[in-house]
Amino acid sequence: MTIITATTMAVLLKPMITAHRLLLFQTQKQTSIIAKQQKQHGSLLVASSVHQSDNYCQNLVDEFDPNIPIEKALTPPSSWYTDPSFFDFELHRVFYKGWQAVGYTEQIKNPHDFFTGRLGNVEFLVCRDDDGKIHAFHNVCRHHASLVASGNGQKSCFVCPYHGWTYGLDGALLTATRITGIQNFDVNEFGLKPLNVATWGPFVLLNLDKEILPQQEADNTVGSEWLGSCSEFLGANGVDSSLSYLCRRVYDIECNWKVFCDNYLDGGYHVPYAHKGLASGLKLNSYSTKTYEKVSIQSCDGGSTESEDDIDRLGSKALYAFIYPNFMINRYGPWMDTNLVLPLGPRKCQVIFDYFIEAHLKDDKDFIERSLVDSERVQVCHPRSITVKDYGQFGVYSKININTQIEDIVLCEGVQRGLETPAYCSGRYAPTVENAMHHFHQLLHHVLKE
């Protein structure tokens, strides 16, 4: 019998082991190549899907022709107001570019003041540091993406509620808890990501796509970039930082954000039919509209003037300014209110109303309470309850204004339901009154085609 030693066995098996290892290596390599190809193919599929979605949305954009005169033009198709793909498309092209109004200087009046908000899927945080400088950041912790702050108020620093990472008012990472042993970590690279912030009059604005500018430079250029040649006109007509802030109302509305804007921009067309209380205080035959680069101004004479015993709410003239894409300024008598329309989905938006009054009346509670009523008394006959949140200094708001807003909400939600039916595609403009609406649609088309 031949005895095979371990050494002899190793010699005999070596070629087999080598061949097996080679086969295993080749199999692993092939598997890696296949996985890489699948990943690349997946990326190509995603890119292809995005490209197809963009092409689809561009086709929808082309269904509106901005060059046709208003007398002959059709309004944008209903798909602009109902299609989920189009909603995502316009978020990136309309709201993530250019200056966007997000708040008021009154909200960050003092060092350590801050407020937060959301625009599309961008969570932001605005604050004022110890030196009085205004900062804005993405409100997202650099550790595991938790929101760092919520609401508004005062803080000397921002502590993430998830794992305690702490940031200064300048966005710098001050403390990263329990990271002993972490490697390749530079604390200076993990501060809050900054956003461009500027102020104009009483307004705070953000720009999501502009490179970060020094505060003074941003403040010096925002007026011309946001308002164009209209900035001086608004400043000369009582839209300035001398006004005193009173209160805030927030409405969640079941309609596309553009439906609310269109309603605002119809040149008072709907006022005598939908807002009889408001119409009684205006001389509607004096209604006029003027358009600028990104702004339209509607104005109307009031139906009454001030008396010694009372101050008329509307005053002798009312001015309604629409600033593309979603901000409205209403100036009447001693009052100013603003409407910020935030897109929440294809058929949902949030409208934030902020109320201001001329400084000499801010302590006249009798006058304010005569003009305003407690928000809890609001009731509306409507198939669903309307969400109305009150953030008032006095817990009150304008009686005529709140009734007008409720009436507008009912109108806008009815329009949205009509847009979603198969009976409607495009409509027409009333040429003598709806030129501001047509101007808005032209601006949208221009940006969506860029």
GLN350 fails exactly one of (1) at pLDDT below 85; (2) open to solvent by less than 80 Å² (accessible area, probe 1.4 Å); (3) among the polar types (S, T, N, Q), namely (1)
Would you confirm whether or not region 70-78 contains a residue that is more than 14 Å from the chain's Cα centre (by Cα), in contact (Cβ under 8 Å) with a residue 40 or more places away in the chain and surrounded by fewer than 14 Cβ atoms within 10 Å (Cβ to Cβ)? yes
Within region 326-341, residues outside any strand (DSSP E or B) and within 18 Å of LEU205 (Cα to Cα) come out as ASN326
Is it true that LEU60 is without any contact (Cβ under 8 Å) to a residue 40 or more places away in the chain, part of a helix (DSSP H, G or I) and within 26 Å of ARG417 (Cβ to Cβ)? yes
Could you identify the single residue in ARG178, ARG249 that is modelled with pLDDT under 95 and of a type in the set (Lys, Arg)? ARG249
Find the residue count for region 187-201, including only residues that are open to solvent by 60 Å² or more (accessible area, probe 1.4 Å) and assigned to a loop (DSSP other than H, G, I, E, B). 1
Take the residues in region 145-157 that are more than 18 Å from the chain's Cα centre (by Cα) and in contact (Cβ under 8 Å) with a residue 40 or more places away in the chain; name whichever of them is least open to solvent (accessible area, probe 1.4 Å). VAL148
Condition met for ALA436 (small (Gly, Ala, Ser), crowded, with 20+ Cβ neighbours inside 10 Å, farther than 15 Å from ILE253 by Cα and at pLDDT 95 or above): yes
Could you tell me how many of the residues in region 213-245 are at pLDDT below 90 and among the hydrophobic types (A, V, I, L, M, F, W, C)? 1
Evaluate the following for GLY223: is it within 30 Å of PRO334 (Cβ to Cβ) and either without any contact (Cβ under 8 Å) to a residue 60 or more places away in the chain or among the small types (Gly, Ala, Ser) (or both)? yes
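The values are calculated or read from the model by the stated rules, or taken from the named source; none is laboratory data. Just so you know, these numbers come straight off a predicted model, no measurement behind them. Here Cβ is always computed from backbone atoms with ideal geometry, including for glycine, and neighbour counts include all displayed protein chains. Just the protein is used for accessible areas: all its heavy atoms, side chains included, with ligands, DNA and RNA removed. Shrake-Rupley method; radii C 1.70, N 1.55, O 1.52, S 1.80 Å.
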